[in-house]
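Have a look at the structure below, then the notes.
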Amino acid sequence: MNLRFAVAIIIAVSLSACATTQTSNDDSVLNNLLVVTPQVPDSRYQLEVAKLNEILSRQMELEDSSYAELLYRRGSLYDALGLMTLARIDMNHAIEYNPRLAGAYYHLAIQYTAIGEFAYAYELYDAVLELEPEHEYVRLSRGINAYYDGSIEYAIKELESHMQLQPGDPYRTLWLYLAEVEHDPEAARLALAQRRVQHGNEAWGWKLIDLMLGVVSEQKFLTQLAVKDLAEDETLVERMCETYFYLGKQKQLEGDFKAATVYFRMAMNTNVHLFVEHRFAGVELARTEQALGAVVEQQAD
C-alpha cells in the first residue's frame, strides 16, 4: 500500500473520531441506494433435494453412516435454499445416526446463533472442536456467537485468534473490528486502520473496510465501487448482500438507526442465504429496531 493512501486512512479515522453521532431524520442518505434483484433459488439444489428424497426413502437399504451423510447433504441444501427449519431437522437426525458428524454440529450451531439460542450454540461449537480441532471457521462463528450474546471480551479473543491465522482476510478483520468497537470505539478504529495499512490490498473485502473507516464516501461506494470489478465467481447480488449489511453496521454505529434498518432489510431481501451477512441481518434488524424505538420514546418524553 502506498504512503499517500495510508495517510488518507489515518486522517479519515482521526476526523471520524471527532464526529458526533445522532439518529438522522433525513432520508437523503438512502437516495443512491442500489436495489438488486434477489437471488433466485438454484434449480440444481432443488433437483438434488428431489433425488435425495428418493434415496432416503429407502432407509432400510442404507448403513447408518451413509444415511447420516445423505441427511447432512440434504440439510445443507435446505440451508442454501433458505429452508432453515427443514435444515435443522435434517442436521439433528444426521447426528442421531452419526454422532461424530462435525459438519452437522457446525451448521446447527450457526443456526442456533441466528435464532438467539446462544448457550446451545456454544455447546455445539465445542462439539465441533472435539471432533475436528482444526476446523477452519469454528472460532469465527463462536466469536460471532459471543458477540451477539454480549460476551464482548470473549468475542474479541476468539475473533482475534481467527484473524491471526489469516490477517490478509478482510472479513476476519471486519468481524474483529465489530467486536472491538463495542469495547473501545476509538481504539478499535485505530486498530482497523493499522490492519488496513499493514495487510490490505485491492481485494473487494478491503474496500468494505475503507467504507467503515470513512476513507470512501457512502455515495461513491454505492454508485461506483460496489458495482465494478466483479470476479468470475461473484454476482452483484452477493456483493450487495455484504454491502447492505456493513452499511447497516456503519449506520448503526453512527446512531442513524433509521437508515440502518433499511440496509439490514435490503441485506435480508437479497436471499443470499449462505452468506454470514444474510444470516445475521435479521438479528441486526431486530437490535436496530429496538434501539430506534428507544430513541423515539426518549424524544417523545
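Just so it is clear, none of the values below were taken in a lab; they were calculated from the coordinates. Here the structure is a predicted model, which is why all the values come from computation and not from measurement. Backbone-built Cβ (ideal geometry, glycine too); neighbour counts: all protein chains shown.
Contact order, relative form, for segment 136-200: 27 percent (alpha carbon pairs under 8 Å, 6 or more residues apart, mean separation divided by residue count).
Applying the criteria of a DSSP loop state and at most 16 other Cβ atoms within 10 Å to the trypsin sites (Lys or Arg not before Pro) of segment 210-301 yields Lys228. Summing charges over all other residues whose Cβ lies under 13 Å from the Cβ of Leu230, with Lys and Arg as +1 and Asp and Glu as -1, gives -3.
Think of the chain as having a plus end and a minus end, set by charges on the Cβ of Lys, Arg, Asp and Glu; of Pro41, Ile152, Leu211, Leu211 sits farthest toward the positive end of this dipole. Computed over segment 43-135, the convex hull of the alpha-carbon atoms projects to a mean area of 6.0 nm². Compared with the dominant Cα axis of the chain, that is its longest principal axis, helix 152-165 is turned about 80°. When shorter helices are ignored and each DSSP H run of at least 4 residues is given -39500 (n - 2.57), the per-residue value for the chain at 222 nm works out to -23000 deg cm²/dmol.
Placing +1 on the Cβ of every Lys and Arg and -1 on the Cβ of every Asp and Glu, with no other charges, gives the chain a dipole of roughly 700 debye about its Cα centre.
Computed over the chain, relative contact order equals 21 percent, with contacts defined as Cα pairs under 8 Å that lie 6+ residues apart. Listed values (1) 103, 37, 32; (2) 56, 39, 39; (3) 67, 48, 37 include one computed from this model; for Cα extents along the principal axes in Å that value carries the label (3). Taking a straight line from the alpha carbon of Lys228, these lysines sit under 19 Å away, with near neighbours fewer than eight places off in the same chain left out: Lys207, Lys220. If only the Cβ of Lys and Arg carry +1 and only the Cβ of Asp and Glu carry -1, the dipole of segment 142-244 around its Cα centre is close to 220 debye.
The Cβ shell under 12 Å around Gly282 holds other residues with a net charge of 0, Lys and Arg each +1, Asp and Glu each -1.
Taking a sphere under 15 Å around the Cβ of Thr270 and counting the other residues whose Cβ falls inside, with K and R at +1 and D and E at -1, yields a net charge of -3. For segment 173-224, the list of GluC sites (Glu not before Pro) that fall in a loop by DSSP and count at most 14 other C-beta atoms within 10 angstrom reads Glu202. Peptides 58-64, 114-120, ordered by how many other C-beta atoms sit within 10 Å of their residues on average, highest first, read 114-120, 58-64.
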